[in-house]
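The values are calculated or read from the model by the stated rules, or taken from the named source; none is laboratory data. Since the structure is predicted, the reported quantities are computational estimates derived from the model, not experimental observations. Counting neighbours? That spans all protein chains shown, and the Cβs are built from the backbone with ideal geometry, glycine included.
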There are 2 protein chains.
Amino acid sequence: MTVTLADVAAHARVSPATVSRVLNGNYPVAAATRERVLRAVSELDYVVNGPASALAAATSDLVGILVNDIADPFFGIMAGAAQAHLNTPSDASAPIRTNAERLAVVCNTGGSPARELTYLTLLQRQRAAAVILTGGAIEDAEHSAAVAAKLARLAEAGTRIVLCGRPALGGAEFVHATLSFDNRAGARRLTGHLLSLGHRRIGYVAGPAERTTTRHRLEGHREALAAAGAADDPALVLHGSYDRASGRAAAARLLSAAPDLTAIVAANDTIALGVCAEARERGLRIPEDLSVAGFDDLPSATDAVPALTTVRLPLYEAGARAGALAAGAGAAGHVEVVPAELVVRGSTGVVRAG
Amino acid sequence: MTVTLADVAAHARVSPATVSRVLNGNYPVAAATRERVLRAVSELDYVVNGPASALAAATSDLVGILVNDIADPFFGIMAGAAQAHLNTPSDASAPIRTNAERLAVVCNTGGSPARELTYLTLLQRQRAAAVILTGGAIEDAEHSAAVAAKLARLAEAGTRIVLCGRPALGGAEFVHATLSFDNRAGARRLTGHLLSLGHRRIGYVAGPAERTTTRHRLEGHREALAAAGAADDPALVLHGSYDRASGRAAAARLLSAAPDLTAIVAANDTIALGVCAEARERGLRIPEDLSVAGFDDLPSATDAVPALTTVRLPLYEAGARAGALAAGAGAAGHVEVVPAELVVRGSTGVVRAG
DNA sequence: TACCCTGTAGAAAGCGCTTTCTATGCACTG
DNA sequence: CAGTGCATAGAAAGCGCTTTCTACAGGGTA
């Protein structure tokens with residue numbers, strides 16, 4: 001039914017071994033022979049049997065990218081960049097297999113710890129070449145331990161582990177590379193910026209409490225307040241999910257409870273957009289009546305009116321780098337902190353007199 | 001090094017065949033034996049070797065979901081829904097493999113024809129159980145033929161092909177199921193709504209010219225104009241990409257060239273948001289001075305201020321259904337047109353007097 | 001001329017599973 | 001008590017590749 005390597009060998013009048021060698025290009029084959037084999041491959045329209053080759057070679061070309069929410073551009077950008085750097089289309093149709101021919105796939109955990117583990121098992125089953133974990137981790141001792149154990153087993157079986165935008169796993173030498181975002185410093189700078197504009201009553205719309213990203217950003221915010229000697233009123237901090245609706249709802253509660261707020265910092269741009277929507281609804285001008293700031297610098301931050309002051313995270317670059325690392329670049333054990341840069345735009349301004 | 005099925009068999013003092021049967025649950029095994037095997041599995045922390053099992057059984061549990069742009073919620077929602085319905089976490093940790101244990105992965109083509117083909121080859125190589133193609137197709141005879149040929153070969157090898165939000169492939173009986181969006185009717189209704197509000201000078205910001213989705217929506221728009229006997233001025237139609245920046249730029253051109261416009265229809269919600277931004281920038285009130293409408297009914301359409309009048313596409317439901325179909329549900333050759341429903345919100349209003 | 005090295009290709013042994021075919025025990029039935 | 005059938009488990013033959021080991025030319029070198 002389907003064409004096998006043996007068929008190609010017969011067609012080219014060589015042994016299966018030779019065909020394999022031509023296809024993998026890891027052994028000298030005479031030019032004339034190679035030529036004959038390649039012709040047979042294209043004439044028969046042969047496609048390697050992945051499972052068979054993975055079994056025999058004990059390696060696979062599958063790379064899994066785990067994301068929390070596939071519908072969120074934050075993850076989409078990173079995943080897309082990683083994918084682009086893991087797989088180069090130009091080589092795709094060629095019969096010779098190259099390093100660029102990896103099947104990079106994204107797995108959507110939806111933020112569920114159980115699904116995260118499921119996908120890890122599924123990838124382990126496929127003997128994946130690498131796994132990239134993106135975004136904040138869940139802060140639950142049991143789950144963290146389970147993930148760490150799973151990753152250790154994966155690494156043991158030869159799977160490269162790369163963390164992208166995730167805090168480093170303490171003492172986990174099986175992690176090939178870690179790119180963690182400097183969320184804390186970014187948040188500190190952002191709130192520092194607001195303080196320097198004269199704001200003192202600043203609301204904060206945080207993400208889900210159990211995520212590391214949420215905690216780090218909030219801590220940075222608090223550190224900035226403390227450094228400036230500003231009051232840190234717990235009532236001005238509200239937790240929610242990382243989406244627009246949550247931002248809008250939180251803004252509504254914040255603005256009702258504390259009408260004296262002059263600024264609201266959101267844990268990410270999407271939340272910030274929700275905050276802006278609520279402010280507009282209440283007739284508050286941005287930034288004259290209320291300054292609003294986000295985090296991540298997603299495309300929508302630039303497009304908003306007014307454009308959002310935010311903290312730029314080089315998501316594309318980080319994703320691309322994670323892809324390269326997953327492909328084997330860099331020395332094992334590499335840990336890198338990706339800087340978070342303050343980007344001041346129109347949504348923040350000096351606090352209004354009085 | 002890694003635990004194999006033979007190790008489990010030895011540990012449980014049974015034959016490898018028995019272990020395989022317990023794990024696959026497709027053959028009667030005495031309760032006591034099964035019990036012993038399962039204990040061995042968990043004691044040794046055994047994980048099936050996917051490639052080996054795929055090779056032996058000539059099937060795999062890989063399902064590929066091809067999307068045009070992973071950073072676009074339009075695709076993210078469909079892909080997430082499909083993924084959720086292809087893989088149930090509750091069964092994941094259990095040693096017994098169930099139907100729900102598929103590795104559903106999304107592949108980002110980035111709209112590139114070459115990458116689309118690449119991914120198809122990669123999935124063919126893995127002997128994927130199913131492939132879901134989402135979103136509009138590219139209208140290029142050569143590429144369409146290449147894709148159709150590829151799909152035919154995949155189907156021949158046992159891969160189920162499902163189209164989601166894609167026009168049916170003419171005469172392609174190898175497609176397991178097709179869910180196509182009724183873009184034309186949706187667009188017709190949307191423009192009809194605007195016409196009924198008295199609008200006659202309506203701008204249209206279309207997507208990339210070479211995509212089926214773009215063409216169908218534009219055709220629906222024109223059909224509505226024709227049906228109402230309204231003029232169809234080609235100068236009022238601008239093509240661009242499906243993103244916010246493109247919408248904003250197009251709106252700028254449209255509003256400058258034709259200040260008498262009373263409404264702008266965008267090919268999707270993201271473009272519409274860009275149009276709104278530009279209108280706001282120019283001091284035009286929505287909908288008093290300008291009505292704006294989108295398409296898709298993404299979450300951001302609801303959250304916009306004012307909320308966007310749009311055409312609702314049941315993306316989640318369609319994605320979920322595509323997942324089920326890819327999992328084997330439904331009879332082969334199933335073709336279904338997913339209705340597109342007009343959703344009137346605040347961004348459209350009666351044309352202003354004078 | 002004898003020898004060895006280098007370049008190239010084939011033979012064959014798995015990789016870790018699944019599955020058919022076969023074997024065994026045991027409970028029935030007549 | 002022999003005969004039949006069912007329930008359960010093992011043996012073994014692959015699935016389609018990769019890769020080590022081996023083989024054989026032909027061309028230097030001594």
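Within the stretch A:35-59, can you find the residues that are near DNA strand C (Cβ under 8 Å from one of its atoms) and in contact (Cβ under 8 Å) with a residue 60 or more places away in the chain? Scanning the stretch A:35-59 gives a single hit, A:ALA58.
Let's see how each residue does on (1) near DNA strand C (Cβ under 8 Å from one of its atoms); (2) in the same structural domain as B:ALA130 (by TED's automatic domain parsing):
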{"residue": "B:ARG21", "(1), (2)": "yes, no"}
{"residue": "B:ASN24", "(1), (2)": "yes, no"}
{"residue": "B:VAL29", "(1), (2)": "no, no"}
{"residue": "B:THR33", "(1), (2)": "no, no"}
{"residue": "B:ASP61", "(1), (2)": "no, yes"}
{"residue": "B:LEU66", "(1), (2)": "no, yes"}
{"residue": "B:ALA81", "(1), (2)": "no, yes"}
{"residue": "B:LEU86", "(1), (2)": "no, yes"}
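Being at pLDDT below 55 and in contact with a Gly (Cβ under 7 Å, 6 or more places away or on another chain) is the filter here, so list the residues in the stretch B:71-108 that pass it. If the condition is that a residue be at pLDDT below 55 and in contact with a Gly (Cβ under 7 Å, 6 or more places away or on another chain), then B:ILE96 is the only one that fits. When the stretch A:54-76 is filtered for residues that are facing chain B (nearest Cβ under 8 Å) and out of contact with any strand residue (DSSP E or B) (no Cβ under 9 Å at 6 or more places or on another chain), the ones remaining, listed by number, are A:LEU55, A:ASP72.
On the stretch given as the stretch B:20-41, residues that are more than 12 Å from DNA strand D (Cβ to nearest atom) and either among the basic types (Lys, Arg) or within 14 Å of another protein chain (Cβ to nearest Cβ) (or both) total 4. State yes or no: is B:ASN49 more than 29 Å from A:ALA155 (Cα to Cα) and more than 10 Å from DNA strand D (Cβ to nearest atom)? In short, no. Restricting attention to strands (runs of 3 or more DSSP E) lying wholly within the stretch A:233-305, give those where 1 or more residues are touching a Phe, Trp or Tyr at 6+ places or on another chain (Cβ under 6 Å). Passing ranges, in order: A:237-239, A:263-266.
Out of all the residues in the stretch A:299-309, is one or more free of Cβ contacts under 8 Å to residues at least 12 places away in the same chain and closer than 15 Å to A:ILE202 by Cα? No, the conditions are met nowhere in the stretch A:299-309.
Return the residue satisfying two criteria in turn: it lies in the stretch A:3-19 and is surrounded by 15 or more Cβ atoms within 10 Å (Cβ to Cβ) and either within 9 Å of DNA strand C (Cβ to nearest atom) or not in a helix (DSSP H, G or I) (or both), and of such residues it is nearest to the other protein chains (Cβ to nearest Cβ). Across the stretch A:3-19, the extreme among qualifying residues is A:VAL3. Counting the residues of the stretch B:301-324 that are surrounded by 22 or more Cβ atoms within 10 Å (Cβ to Cβ) and either modelled with pLDDT under 95 or among the hydroxyl-bearing types (Ser, Thr, Tyr) (or both) gives 4.
Checking B:ARG244, B:ARG166, B:ARG211 one by one, the residue that is closer than 16 Å to B:ASP296 by Cβ and free of Cβ contacts under 8 Å to residues at least 40 places away in the same chain is B:ARG244 and no other. Taking interchain pairs and intrachain pairs at least six residues apart, which have beta carbon atoms under 8 angstrom, with the first residue in the stretch A:60-82 and closer than 17 Å to A:LEU179 by Cβ and the second among the basic types (Lys, Arg)? These pairs meet every condition: A:VAL63/A:ARG102.
Listed here are the residues, each with its yes/no results for (1) more than 14 Å from every other protein chain (Cβ to nearest Cβ); (2) touching an Asp or Glu at 6+ places or on another chain (Cβ under 8 Å).
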| residue | (1), (2) |
| --- | --- |
| B:LEU238 | yes, no |
| B:PRO259 | yes, no |
| B:PHE295 | yes, yes |
| B:SER300 | no, yes |
| B:GLY319 | no, no |
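The condition (being in the same structural domain as A:SER196 (by TED's automatic domain parsing), over 25 Å from the mean Cα position of the chain (by Cα) and of a type in the set (S, T, N, Q)) is satisfied by just one residue among A:SER256, A:SER246: A:SER256. Checked against the criterion of being buried (at least 24 other Cβ atoms within 10 Å of the Cβ), within 14 Å of chain B (Cβ to nearest Cβ) and either free of Cβ contacts under 8 Å to residues at least 40 places away in the same chain or more than 17 Å from the chain's Cα centre (by Cα) (or both), the candidates A:ALA272, A:ALA263 yield just one match: A:ALA272. Scanning the stretch A:125-146 for residues that are assigned to a loop (DSSP other than H, G, I, E, B) and buried (at least 18 other Cβ atoms within 10 Å of the Cβ), we see that the one that is nearest to the other protein chains (Cβ to nearest Cβ) is A:GLN126. The listed residues are A:ALA209, A:ALA149, A:ALA172, A:ALA157, and the only one of them that is within 24 Å of A:SER241 (Cα to Cα), surrounded by fewer than 24 Cβ atoms within 10 Å (Cβ to Cβ) and not basic (Lys, Arg) turns out to be A:ALA209.
Examine the stretch A:71-82 for a residue that is within 16 Å of DNA strand D (Cβ to nearest atom) and either of a type in the set (Ser, Thr, Tyr) or assigned to a helix (DSSP H, G or I) (or both), and state whether such a residue exists. Among the residues of the stretch A:71-82, not one is within 16 Å of DNA strand D (Cβ to nearest atom) and either of a type in the set (Ser, Thr, Tyr) or assigned to a helix (DSSP H, G or I) (or both), which makes the answer no.
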